[in-house]
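For reference, the structure is listed below as structure tokens.
The values are calculated or read from the model by the stated rules, or taken from the named source; none is laboratory data. The structure presented is a predicted model; accordingly, all values stated were derived computationally and were not measured. Using ideal geometry, Cβ is built from the backbone for each residue, glycine included, and neighbour counts are taken over all protein chains shown. Ligands, DNA and RNA are excluded from the accessible area calculation, which covers all protein heavy atoms including side chains. Shrake-Rupley method; radii C 1.70, N 1.55, O 1.52, S 1.80 Å.
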Amino acid sequence: MKDRFDFEVVDLDDADSALVIIDQTKLPNVTEFLHLHSQTEIWDAIYRLQVRGAPAIGVAAAFGIYLAAKEIISELKKASDGKNFEFIEFSDRFKKASDYLNSSRPTAVNLSWALKRMGTVVSTCKGDSPDEVISKLKAEAYAIKQLDEDTNLAIGENALSLLSPCMGLLTHCNAGFLATTRYGTATAAMYLGQERGYGFHVYCDETRPLLQGARLTAWELSRSGIQTTLLCDNMAPSLMREGKIDAVFVGCDRVAANGDTANKIGTSYVALAAARFGIPFYVCAPSSTIDGSIPNGEAIPIEQRDGSEVTESWYERRMAPEGIDVYNPAFDVTPASDITAIITEKGIFRGPYDFTQMN
Ligand code: MRU
């Protein structure tokens, strides 16, 4: 199955000191890879959704902070003629760089989760040489990337155990290969199913306003040979009424302790429709997306984005009156009561949710 994923969504070019990403704002028309060197470039790429999707953002941040560490160490070495390594100064500057990257997008917990893991490595490096620090951070960033791939495969196996051949599946936004390092979360069972001859038919919501469903999910699934149909977001209930949907699979950016989940705007609407038609609604997430420090969905920070994404993006000309006030939250919260199950690499969880025994 690996062959189907014929490029890396997020990678490191260490010799060039660059984070390498496929520019997701250009897909599906142009396949362009970006080499990002500075912290500002990396911050912008995350903010502008050139790299996006909760797990992919986490991996990008891990490589990004590794590059920051390399640069800080090289500056400190230069300042001290290569003799001393001021660990305290390094550690302070590392923390500042980490806070900066963490400020690029607020909702996906995977960003802060990955940066925290990198920070934990630094806290164990006192007394190490600069080269040792760099090599430990590089190893951790690659471990985060590999963990994502392994996790998604396990999520896919768990999700597939709930499905039968020839089912119609609906998904919203892109929780696919492009949102992760491989397989995706919500799409992992679709890819595994295709490999095993399940013959799923996958329906993709286009996902206004940034069209991740149309530009990204429809692209990655159809180029893999999965039967794929695209629809506007407001068409999902009619498709459900026609009996075409057997299950809904979505990803998520943060799960609160009570099982409320934040995902791409419009997800809670799909959940409501699925509940109305008695269709199972599954949220797929790595366990790192579960944020036990947040009691419920009300406490999840929701990113608000520029109104021009609604009034101008993708149109040849502006499609709303100048100066109109725009409501443009990037995510919404689906209450645990509307979720049939949360599928992680550690198992399938059903309400009332208790993730405390998970590890
Ligand atoms: O704003 P985006 O495109 O980063 O939003 C992505 C989503 O909402 C995904 O469903 C979520 O991050 C899970 S990705 C496996």
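Taken over the range 2-53, the criterion of being open to solvent by 20 Å² or more (accessible area, probe 1.4 Å) and on the phi > 0 side of the Ramachandran plot is satisfied by 17 alone.
From the list 262, 271, 257, which one is more than 16 Å from the ligand (Cβ to nearest atom) and of a type outside the set (D, E, K, R)?
Details: 262 fails: more than 16 Å from the ligand (Cβ to nearest atom); 271 fails: more than 16 Å from the ligand (Cβ to nearest atom).
Just a single option satisfies the conditions, and that option is 257.
Scanning the range 257-277 for residues that are closer than 18 Å to residue 244 by Cβ and of a type in the set (Gly, Ala, Ser), we see that the one that is most open to solvent (accessible area, probe 1.4 Å) is 275. Within the range 147-176, the set of residues being more than 20 Å from residue 60 (Cβ to Cβ), in a loop (DSSP other than H, G, I, E, B) and within 16 Å of the ligand (Cβ to nearest atom) comprises 172 only.
Which count do you get for residues in the range 130-164 that are open to solvent by less than 50 Å² (accessible area, probe 1.4 Å) and modelled with pLDDT under 95? Don't jump to the end; show me each part of the working.
Step one: filter the range 130-164 for residues open to solvent by less than 50 Å² (accessible area, probe 1.4 Å), giving 130, 133-134, 137, 140-141, 143-145, 148-149, 151-152, 154-156, 158-160, 162-163.
Then drop every residue that is not modelled with pLDDT under 95, which leaves 130.
Count: 1.
Could we say that residue 246 is more than 16 Å from the ligand (Cβ to nearest atom), in the same structural domain as residue 211 (by TED's automatic domain parsing) and not small (Gly, Ala, Ser) here? Full working, then the answer.
On the way: more than 16 Å from the ligand (Cβ to nearest atom): yes; in the same structural domain as residue 211 (by TED's automatic domain parsing): yes; not small (Gly, Ala, Ser): yes.
Here the answer is yes, as residue 246 does meet what is asked.
Can you work out which of the residues in the range 77-98 that are part of a loop (DSSP other than H, G, I, E, B) and either of a type outside the set (Lys, Arg) or closer than 15 Å to residue 60 by Cβ (or both) is most open to solvent (accessible area, probe 1.4 Å)? Step by step, filter the range 77-98, then rank; the result is 81. Filtered by the rule that a residue be under 15 Å from residue 343 (Cβ atoms) and in contact with a Pro (Cβ under 6 Å, 6 or more places away or on another chain), the range 166-212 gives a lone residue, 180. Taken together, 143, 108 contain a single residue that is touching a residue at least 24 places away in the same chain (Cβ under 8 Å) and small (Gly, Ala, Ser), which is 108.
Taking the range 278-359 and the strands (runs of 3 or more DSSP E) fully enclosed by it, the elements with 3 or more residues that are crowded, with 19+ Cβ neighbours inside 10 Å and modelled with pLDDT of 95 or more are at 281-284, 331-334, 341-344.
Within the range 99-129, if we keep just the residues that are more than 18 Å from residue 86 (Cα to Cα) and of a type in the set (Gly, Ala, Ser), the residue that is most open to solvent (accessible area, probe 1.4 Å) turns out to be 103. Yes or no: residue 249 out of contact with any helix residue (DSSP H, G or I) (no Cβ under 6 Å at 6 or more places or on another chain) and more than 24 Å from residue 327 (Cβ to Cβ)? So residue 249 passes the test.
Output the number of residues of the range 51-94 satisfying the condition of being of a type in the set (Val, Ile, Thr), touching a strand residue (DSSP E or B) at 6+ places or on another chain (Cβ under 8 Å) and away from the ligand (no atom under 16 Å from the Cβ). Total satisfying the criteria: 0.
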